[in-house]
Amino acid sequence: MSWAAQEFETLDLGDARLNRRAVLLAEQLACKPGASIPSACRNWSETVAAYRFLDNESVTSQQIMDAHGQASVQRIAQHQVVLCLQDTTELDYNGQQMQGLGPLSYEAQRGMYLHPTYVITPEREPLGITNTWMWAREPKDAQGQRPGVLESSRWVESYERIAEQAAELPQTRHVCISDREGDLMALMVRAHEMGHPADYLVRCKHNRCLPEGGKLWPAVMDSAPLGCVRFEIPAGRGRKARVVKQEVRAQRITLQQKGYAAVEVTCLVASEIDAPQGVQPVLWRLLTNREVDSLAQASELIDWYRARWEIEMFFLVLKEGCRVERLQLGEIDKLQTALALYMVIAWRINRLMRLGRSLPELPADLLFEADEWKAAFVLNKKPPPKQVPQLNTVLRLIAQRGGFLARKGDGEPGAKTIWLGLQDVAAFVEGLRYMREIGEIVSCV
């Protein structure tokens with residue numbers, strides 16, 4: 001059974017033919033994630049079938065995400081702790097004549113917004129996407145106000161969905177993690193009202209006034225430090241890799257805001273000390289419902305917040321690997337259905353990358369069909385082994401087809417070299433299977 005057939009095993013579009021088409025289309029798009037739909041589908045009849053599927057009123061993005069969500073919940077249930085990362089990204093379709101788009105950051109730009117909850121383990125293994133909001137903004141009115149639902153409500157609604165899932169999986173601790181946009185009093189109050197079935201960990205944006213006087217951030221900085229933590233920041237975006245040393249403080253504080261009930265939170269401040277000259281120190285202020293009494297507890301929360309980068313990696317693969325901002329589908333409903341498929345594909349690419357690092361000794365046939373992992377060897381001019389190889393071995397071979405050099409000191413392959421290498425593997429497997437159909441069996445595979 002292919003990865004897509006497993007992932008969409010519970011998909012029910014009301015017609016078995018539509019279910020099969022969804023699986024086939026996911027497989028085709030995953031083989032060439034950065035290609036156009038006609039290029040991924042390879043011929044005219046398959047291309048027409050793909051567009052008919054996306055145009056079918058019986059097929060919605062929610063149905064596709066629900067099926068993936070059910071598979072994700074099965075994976076989540078196997079872990080004691082999961083990190084539920086939520087964030088918003090904008091998708092730019094400026095210049096396209098697509099019905100249903102709205103303004104972006106600039107009123108003249110056209111596009112839509114995506115707000116998923118991306119679930120990972122503390123070791124950063126991607127488990128899936130459990131809820132997603134997709135919408136287009138309405139234009140501002142004559143008074144400069146934007147009608148429609150407040151976008152900040154997506155953060156609160158997403159927490160509610162995480163909390164509901166946490167209540168159904170009491171053996172798994174859920175932690176809702178967000179960046180500054182999620183620093184909302186409404187979210188913290190709602191979590192308190194629900195009894196905190198899921199924890200939250202939010203990067204603090206507002207230096208709030210305290211009921212007893214003074215400001216939040218100085219009050220925490222006046223407390224004694226719990227100690228120091230050290231970790232390495234990887235290179236990226238013009239930044240060199242370096243070790244960061246942070247001094248950590250935490251204080252339990254009551255927050256009160258007009259229109260909301262008072263809530264008790266912990267504010268944790270991790271401030272870099274001894275930063276290199278000319279480099280901006282790394283400073284994180286975090287809010288959580290959890291009590292922090294020790295450096296070990298604080299260090300765990302900091303590690304979890306650092307894992308928030310994984311949703312940025314997910315967006316990167318979605319936009320640059322799958323090139324979803326180049327889709328031309330005419331209507332936003334079709335676009336959202338295609339986006340649902342591409343989100344699952346982007347999740348799978350990241351999952352392969354992370355599992356290859358965290359669980360390198362896994363048998364490759366847990367994630368690849370036999371033809372696929374054997375193709376990775378043949379394409380690199382190596383004879384396929386008789387026994388199933390380890391996952392990391394296969395992924396490194398695949399990544400070499402995408403530009404990974406595999407030299408000493410190169411580390412492990414990234415998402416980009418994996419998604420590029422998967423395209424070569426898919427093309428080879430397609431040719432191999434056709435040769436079998438016409439009776440030209442290749443003995444080595």
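See the values below:
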{"item": "Modelled FRET efficiency - R0 60 Å, Gln96 with Glu232, Cβ distances, 0.05 increments", "result": "0.90"}
{"item": "Under the Debye formula (equal points on every Cα, no solvent term), log10 I(q)/I(0) of the stretch 235-323 at q = 0.10, 0.12, 0.24 Å⁻¹", "result": "-0.39, -0.55, -1.17"}
{"item": "Separation in nanometres of the label points that stand 7 Å from Cα toward Cβ, at Trp309 and Arg146", "result": "2.9"}
{"item": "Net charge contributed by nearby residues that have their C-beta within less than 15 Å of Asp92 (K/R +1, D/E -1)", "result": "+1"}
{"item": "Computed [θ] at 222 nm, helices only, for the chain once each DSSP H run of length n ≥ 4 contributes -39500 (n - 2.57)", "result": "-12500 deg cm²/dmol"}
{"item": "Within the stretch 303-334, backbone nitrogen closer than 19 Å to the virtual label 7 Å beyond the Cα of Ser153 toward Cβ", "result": "none"}
{"item": "Per-pair calculated FRET efficiency, R0 = 45 Å: Ser58 and Lys240 via Cβ, rounded to 0.05", "result": "0.30"}
{"item": "The stretch 127-141-the stretch 376-398 distance, computed between alpha-carbon centres (Å)", "result": "40"}
{"item": "Calculated semi-axes √(5λ) of the Cα gyration tensor in Å (choose from (1) 40, 28, 20; (2) 37, 28, 18; (3) 52, 29, 22), label", "result": "(1)"}
{"item": "Cα gyration tensor of the stretch 47-106 - equivalent ellipsoid semi-axes, whole Å, descending", "result": "30, 21, 8"}
{"item": "Additional length obtainable on full extension of the chain from Leu366 to Glu437, 0.36 nm per residue less Cα span", "result": "23.0 nm"}
{"item": "Reachable lysines from Lys408, criterion Cα separation under 30 angstrom, eight or more residues apart if same chain", "result": "Lys32, Lys240, Lys245, Lys374, Lys381, Lys382, Lys386, Lys416"}
{"item": "Helix axis angle, 370-379 relative to the chain longest principal axis, alpha carbon, degrees", "result": "80"}
{"item": "Of Phe231, Phe428, Phe404, the one that fluctuates the most in a GNM where the chain has Cα springs shorter than 10 Å", "result": "Phe231"}
{"item": "Cβ-Cβ FRET estimate between Leu359 and Ala296, R0 fixed at 25 Å, reported to 0.05", "result": "0.50"}
{"item": "Highest to lowest packing among 124-130, 276-282, scored as the average C-beta count within 10 Å", "result": "124-130, 276-282"}
{"item": "Charge sum, other residues only, whose C-beta stays under 11 Å from Lys319's C-beta, Lys/Arg counted +1 and Asp/Glu -1", "result": "-3"}
{"item": "Residue with peak Gaussian network fluctuation, the chain [Cα springs, cutoff 10 Å], from Asp303, Asp141, Asp87", "result": "Asp141"}
{"item": "Environment charge at Met221 (Cβ cut-off 12 Å; Lys +1, Arg +1, Asp -1, Glu -1)", "result": "+1"}
{"item": "Trypsin sites (Lys or Arg not before Pro) within the stretch 336-408, DSSP loop, no more than 10 other Cβ atoms inside 10 Å", "result": "Lys381, Lys386, Arg407, Lys408"}
{"item": "Antiparallel bridge percentage (DSSP; both residues within the chain; nearest 5)", "result": "80"}
{"item": "Spatially proximal aspartates and glutamates relative to Lys319 (Cα-Cα < 16 Å; intrachain offsets below 8 disregarded)", "result": "Asp87, Glu90, Asp92, Glu310"}
{"item": "Estimated distance in nm for a label pair at Gln328 and Lys205, the labels positioned 7 Å out from Cα along Cα-to-Cβ", "result": "3.6"}
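Since every read-out is calculated from the coordinates, none of them should be taken as a lab result. Keep in mind it's a predicted model, so treat the numbers as computed, not measured. Note: ideal-geometry Cβ built from the backbone for every residue, glycine included; neighbour counts use all protein chains shown.
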